[in-house]
Amino acid sequence: MDRLCPDGAGDGIASADLILEAAVENLDLKHEIFKNIEAQARMDAVLATNTSSLGLAEIGSVLAHTQRLV
């Protein structure tokens, strides 16, 4: 747990192994967040969402590499 770093500003995206989005259940907001994340993240970084009501395919539809989203 000591290696987990909350980063609301997104300053650590480029060096992160795992990036977890925890925004409200708003598809447009999640699309905006994931487009921003993908533009900065390493190609081997895992992108994750904590959604409880939106589908992964729906959220990941804005990603160039949809297989990265869990």
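Measuring r between the beta carbons of ASP28 and ALA57 and using R0 = 22 Å, the FRET efficiency lands at 0.85.
The long axis of helix 27-40 is offset from the longest Cα principal axis of the chain by roughly 40 degrees. Taken along its principal axes, the alpha carbon cloud of region 1-63 reaches lengths of 30, 22, 18 Å, longest axis first. Summary of packing: across the peptides 11-20, 34-43, the per-residue average of other C-beta atoms within 10 Å ranks them, highest first, as 34-43, 11-20.
Bear in mind these aren't lab numbers, they're just calculated from the coordinates by the rules spelled out. Remember, predicted model here, so these are calculated numbers, not experimental data. Please note: Cβ atoms are built from the backbone with ideal geometry, for glycine as well, and neighbour counts cover all protein chains shown.
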